[in-house]
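The values are calculated or read from the model by the stated rules, or taken from the named source; none is laboratory data. In this text, all values refer to a predicted model and were calculated from it rather than measured experimentally. Glycine gets a Cβ as well: all are built from the backbone with ideal geometry, and neighbour counts include every protein chain shown.
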Amino acid sequence: MPTRVFTGAVSIAHQWVAQVLKPGMIAVDATAGNGRDTLFLARLVGKTGKIYAFDIQEEALRKTRLLLETHGAFAQVRLIKDSHENLGTYIDEPVTVIMFNLGYLPGGNKKIVTRPETTLGALQ
């Protein structure tokens, strides 16, 4: 049976982040979506760390909160209903990792998508 070399961009990103992000650190999920990356980050930083999770859609933040609460990982997460281009308004401490999973909310309105100008603004 052939070995699968490429497992997907999200899987590769998670592998890299898991090598860098440790308990007590601070990370940002710039596009919370359904909350899977937020949960992944919250588990890595543990109860002593902090996650800032951004999304422009209330539905995304609701789904993220439910997922985090279900897994007992909400205490260290701050959900923010705003564009990731404004993350500097909310964060005034060093951050180890910022994750972006660009596109649209799976299962949501596909007309609401991440826009290049907001992502570039967040990176600046």
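All told, ALA73 falls short of being touching a residue at least 24 places away in the same chain (Cβ under 8 Å), touching a Gly at 6+ places or on another chain (Cβ under 6 Å), aliphatic (A, V, I, L, M) and under 22 Å from LEU87 (Cα atoms). Among the residues of the stretch 44-57, just one is of a type in the set (Ser, Thr, Tyr) and surrounded by fewer than 19 Cβ atoms within 10 Å (Cβ to Cβ), namely THR48. Residues being of a type in the set (A, V, I, L, M), modelled with pLDDT of 95 or more and outside any loop (DSSP other than H, G, I, E, B) are entirely absent from the stretch 107-121.
Restricting attention to the stretch 21-43 and to residues that are more than 13 Å from VAL95 (Cβ to Cβ), among the hydrophobic types (A, V, I, L, M, F, W, C) and modelled with pLDDT of 95 or more, the residue that is surrounded by the most Cβ atoms within 10 Å (Cβ to Cβ) turns out to be ALA42.
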